[in-house]
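These notes are about the structure you will find just below.
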Amino acid sequence: LAQVSGQERASCSTRAASTSQEMEFHIFIDPLEVPEEEADAELRCRAALLAMQERLSARLSGCIWHRACFELWLWTAQDAACESLLDDSVGTHLWGRFEFGESLDDEWFAVDLLLQLTAEHPDLSVCVLDGDGELLLIEAAYSLPRWLTPENARNRVFLRSGAVHLLAPPRKQARSSSIPPLALGEALAQLRVDRLTASDAVTAAVRKRIEPVCTGALRLLHKHHARCILPLPVARLLRADPHLVSAACASFHARDGASMRAAVRLPRFSPKGAGLVHSRVAFSRCMYAQLAAQKFLPPVEAGFELHSASPRDRGALSLGAKLSFGMELLCLTGAAEAQLGEATVAGCEGSRRSAEEVAAVLRGAGDPRWQRFRASLAARGFFRGELPSADLESASPLYERFLRVAAEAFLGSAPRASITPWLQREAARALRLLAASTLPREEEFLFDAASFAADDDTSWMSLSEEGLEAMLEATLSDSQQERAGGAGDADARASRERLEAERLGEVARSVGDFVEARAGHEGAEVPANREQHVSFDPDRFVRALQAAVGADEFAQGGRSGVRGADQSSMLNSNGAHGGSGVDDDDDDDDDDDDDDDD
């Protein structure tokens, strides 16, 4: 990062290497039928970005992410130097990348958000990637057609119209062993034209994986609420910004000896000066499981006296000590980078515009760019059906609020990817909150045991042997059904081929049984339970023999099974050896039989 220039640091996000704990997605918007300039395409993307952010705000407001949160950014020509999992060079579109850590539920919740966007906006095509490759294909491995391989899967899997679409090659290429790669521009053009690319089997497998993650009335992430005994500054920080719990848990999880020596006395969050308070903290399930499973005995200098706590408060005090050290470590690692993180976060969020500037945009009815921006928002349902009015004073309060938000977004800059790591950005936010005077007051943390909500049930953390067996049986049953169900015409064709092979095998076995059967002095011994009516298909019989013998040239002789010229040449060859051919041996055998009869 030290070798990156200041302009590149402000415009794109670089990484040393991609990890399997990161997810990346790209959202492509169908172009207009008439050609448009790059500035107009960027304006349409910015309008779509604002409409999508407003649409997802209700679902994202109550989420506690294990690591970074779900964000949408604008990709323009300035971001072409960014290191991305997408190989092809593309034009202006929307994209995002976030670290989900060990919580796979966060990753699949993001996939559900993208599916929702494509269902509500039919002109969107979304590709989803992570460090392991094609995320959707890995989950739906049993439902994939036979032609799809890891080598040719790039730019052939998209989310569109609320379903997973697979772009199949032409029939001639699908039958060949090597399928050429598909360029991203060709794939997007094919998605806009071909309406029969949706795969029901793959979509069902993806939705089945998403369903356990997105449950409840608001379909939020799984959360776990627990009572924690915290120093007052930590409780005030978490009450002001509940998302800081993710950064605190991540810092505590990644602690080492050097950082713990610097934080042993908790210079910012010591309970000795500010005192301890009770607070109900919301965790993600993965985050709470990691925090509760770690064995940690706080140093004596920190002021957490676990040995003297009551059995009821010992667990809450232990959680509070872990969160306090995590918050201290977070602020220590971010103190040196606070200035850089502050500038980067401000640049990502966009500067707030004054009321005079917003009013000037609202009065500028003749600005064509503002009119196009406003029309794009209305086409995507940004105003929620609120009807416009001739003047702003007579408009409804909801429409006026949406219009002012749109004007601020039009004046400001679109959110871009940040070069500052997520943990440093969270540290800068925590330091800014500590310096602010808007934190909750101490009176808000008065503890009342009678009215304090109980902790959530932790039975989900334990798994019995019977429960594990039930989960394995359910997974095995689902896998068998997916394999049996197949995926499209390829699996149906393979099933027909297997059935035909089984039938030919039965014919071959019946022929073998007849050849190996015993015969008496009156001829072949026929079983008593043999069917009376026997049908004979010459073509099928020849195919069965050909499959049993394994000779492809056997079919050249027709139904008789005689190979014509080959047999004649063999007879001529036998006759050329002084009459010692096969017929002479048979004659000798017949003479011997006559002598025996005599």
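Here are some notes:
- Among residues of the range 416-441 being of a type outside the set (A, V, I, L, M) and surrounded by 20 or more Cβ atoms within 10 Å (Cβ to Cβ), the one that is nearest to residue 368 (Cα to Cα) is 416.
- Filtered by the rule that a residue be at pLDDT 80 or above, surrounded by 10 or more Cβ atoms within 10 Å (Cβ to Cβ) and not in a helix (DSSP H, G or I), the range 442-462 gives 455, 456, 458.
- Residue pairs meeting the criteria (Cβ under 9 Å; at least 6 apart or on separate chains; first more than 24 Å from residue 73 (Cβ to Cβ) and at pLDDT below 85, in the range 395-414; second assigned to a helix (DSSP H, G or I) and open to solvent by less than 30 Å² (accessible area, probe 1.4 Å)): 395/403
- Per the listing 189, 205, the residue uniquely of a type in the set (Gly, Ala, Ser), closer than 30 Å to residue 106 by Cα and assigned to a helix (DSSP H, G or I) is 205.
- The criterion of being of a type outside the set (Asp, Glu) and at positive phi holds for residue 275.
- Residue within the range 31-38 that is touching a helix residue (DSSP H, G or I) at 6+ places or on another chain (Cβ under 9 Å), over 30 Å from residue 285 (Cβ atoms) and in contact (Cβ under 8 Å) with a residue 40 or more places away in the chain present: yes
- Helices (runs of 4 or more DSSP H) within the range 209-318 that include 1 or more residues in contact with a strand residue (DSSP E or B) (Cβ under 9 Å, 6 or more places away or on another chain) and crowded, with 23+ Cβ neighbours inside 10 Å: 232-240, 244-253, 271-274, 285-293
- Filtered residues of the range 187-207 (kept if modelled with pLDDT under 90 and open to solvent by 60 Å² or more (accessible area, probe 1.4 Å)): 192, 193, 195, 196
- If the condition is being small (Gly, Ala, Ser) and either closer than 22 Å to residue 242 by Cα or out of contact with any Lys or Arg (no Cβ under 8 Å at 6 or more places or on another chain) (or both), then the range 414-432 contributes 418, 427, 428, 430.
The values are calculated or read from the model by the stated rules, or taken from the named source; none is laboratory data. As the structure is a prediction and not an experimental result, all values here were calculated from the model. All Cβ positions, even for glycine, are placed from backbone atoms using ideal geometry, and neighbour counts span all protein chains on display. In case anyone asks, the SASA skips ligands and DNA or RNA and just uses the protein heavy atoms, side chains included. Shrake-Rupley method; radii C 1.70, N 1.55, O 1.52, S 1.80 Å.
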